[in-house]
Amino acid sequence: MYPVHFLESTDSTNRIAKELAEKGAPHGTAVLAAMQTGGRGRLGKVWESVPGKGLYCSIIVRPEIDIENYARITLVTGVAVAKIVEEVTGKRCMLKWPNDIYLKGRKCGGILTESSPVMMDNQEMYAVIGIGLNINSSDEDFPAELRTTATSFFMESGGNYTIREVFAKVRDQLLIELDEFSTTGFTAILNRWRKRDYLLGQWMECVGYDGNIVRGIALGPDSEGRLFLRDEDGVEHGVLSGDVRLAKSR
Ligand code: BTN
């Protein structure tokens with residue numbers, strides 16, 4: 001049995017989980033909150049946490065992998081989460097690089113992975129994997145600026161879900177996927193990620209490794225987990241892990 005800390009309310013389950021990890025909490029320990037007052041998203045964004053209607057959890061993992069492999073954990077998590085979203089809702093779930101969970105072209109969830117300081121002893125290293133999923137929320141639960149881009153399990157399937165059950169499925173699948181990652185490597189998991197690639201073949205614009213804006217067709221992530229684009233001249237560009245967006249037109 002993996003320990004779970006159930007909280008009625010907290011600022012951010014990732015913050016609590018990091019504290020627990022620093023104190024030595026074991027692999028698989030999770031923090032689950034009914035609401036967050038300061039939910040964190042990637043790139044310093046806020047994660048809107050509608051009270052009682054979403055899954056807000058953080059899972060501490062200590063996988064037996066090299067430090068370079070930590071960068072791939074978010075993609076591994078995406079594969080696990082998408083499988084469960086699909087199993088639970090019966091709807092096709094897609095992944096938008098690097099961390100977005102999509103249903104019907106809209107975001108229903110996101111992943112925020114935060115790792116231990118790199119100088120740590122191998123045995124003490126950890127990652128905190130924060131997962132937010134919009135589950136029983138309706139359109140009016142979202143702030144106006146998210147209403148055209150966000151969705152929930154309920155909005156796509158009409159069903160109501162028990163959040164703790166979804167949590168247990170997500171946690172178990174994540175630990176299975178991570179175990180496969182540490183024992184047999186990334187290739188098969190990456191292939192499963194590619195089958196759900198929301199951006200593949202679409203025109204996009206993002207910031208390239210050189211800091212310039214790149215426009216091109218999304219080719220998907222490479223074996224390191226980095227997204228690549230091919231521009232109009234056929235040149236391929238790796239993309240920084242910043243904001244990636246679909247281009248309005250070619
Ligand atoms: C994103 O899409 O930008 C990532 C969102 C991650 C949100 C989850 S909710 C549970 C955990 N605690 C946080 O503060 N953030 C993550």
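Worth pointing out:
- Condition met for Val118 (β-branched (Val, Ile, Thr), in contact with a Lys or Arg (Cβ under 6 Å, 6 or more places away or on another chain) and more than 9 Å from the ligand (Cβ to nearest atom)): no
- Hey, Glu165 modelled with pLDDT of 95 or more, more than 16 Å from the ligand (Cβ to nearest atom) and out of contact with any strand residue (DSSP E or B) (no Cβ under 7 Å at 6 or more places or on another chain) or not: yes
- The selection criterion, being part of a strand (DSSP E or B) and either within 14 Å of the ligand (Cβ to nearest atom) or within 26 Å of Thr29 (Cα to Cα) (or both), does not hold for Gly78.
- Qualifying residue in segment 92-101 (condition: modelled with pLDDT under 95 and either surrounded by fewer than 20 Cβ atoms within 10 Å (Cβ to Cβ) or not assigned by TED's automatic domain parsing to the domain that holds Gly24 (or both)): no
- If you check Val31, Val50 for being within 15 Å of the ligand (Cβ to nearest atom), part of a strand (DSSP E or B) and assigned by TED's automatic domain parsing to the domain that holds Asp121, only one passes: Val31.
- Near pairs, Cβ below 9 angstrom, 6+ apart or cross-chain, from segment 177-198 (touching a residue at least 12 places away in the same chain (Cβ under 8 Å)) to any residue that is basic (Lys, Arg) and in a loop (DSSP other than H, G, I, E, B): Arg196/Arg92
- In segment 81-96, the residues that are within 12 Å of the ligand (Cβ to nearest atom) and outside any strand (DSSP E or B): Val81
- Filter result for Ile16 (at negative phi, within 11 Å of the ligand (Cβ to nearest atom) and either of a type in the set (Gly, Ala, Ser) or open to solvent by 10 Å² or more (accessible area, probe 1.4 Å) (or both)): yes
- In segment 71-85, the residues that are open to solvent by less than 50 Å² (accessible area, probe 1.4 Å) and either in contact with an Asp or Glu (Cβ under 9 Å, 6 or more places away or on another chain) or not polar (S, T, N, Q) (or both): Arg72, Ile73, Leu75, Val76, Thr77, Gly78, Val79, Ala80, Val81, Ala82, Ile84, Val85
- Residue in segment 9-19 that is modelled with pLDDT of 95 or more, part of a strand (DSSP E or B) and within 16 Å of the chain's Cα centre (by Cα) present: no
- Taking residues in segment 13-24 that are closer than 20 Å to Leu55 by Cα, and partners anywhere that are of a type in the set (Asp, Glu), the pairs with Cβ atoms closer than 9 Å and at least 6 places apart or on different chains are Asn14/Glu114; Ala17/Glu114; Lys18/Glu114.
- Close pairs (8 angstrom Cβ cut-off, 6 or more residues apart or separate chains): in a loop (DSSP other than H, G, I, E, B) in segment 230-245, open to solvent by less than 100 Å² (accessible area, probe 1.4 Å) and aromatic (Phe, Trp, Tyr) anywhere: Val244/Trp97
- Put simply, of Ser115, Ser152 the only residue that is small (Gly, Ala, Ser), open to solvent by 40 Å² or more (accessible area, probe 1.4 Å) and either touching a strand residue (DSSP E or B) at 6+ places or on another chain (Cβ under 6 Å) or farther than 30 Å from Glu205 by Cα (or both) is Ser115.
- Test: Glu68 is part of a helix (DSSP H, G or I), closer than 18 Å to Phe167 by Cα and open to solvent by 40 Å² or more (accessible area, probe 1.4 Å): no
The values are calculated or read from the model by the stated rules, or taken from the named source; none is laboratory data. Computed from a prediction, not measured in an experiment: that's the story for all the values here. Cβ: placed from backbone, ideal geometry, glycine included. Neighbour counts: every protein chain shown. Quick note on the areas: whole protein, heavy atoms, side chains included, nothing else; ligands and nucleic acids left out. Shrake-Rupley method; radii C 1.70, N 1.55, O 1.52, S 1.80 Å.
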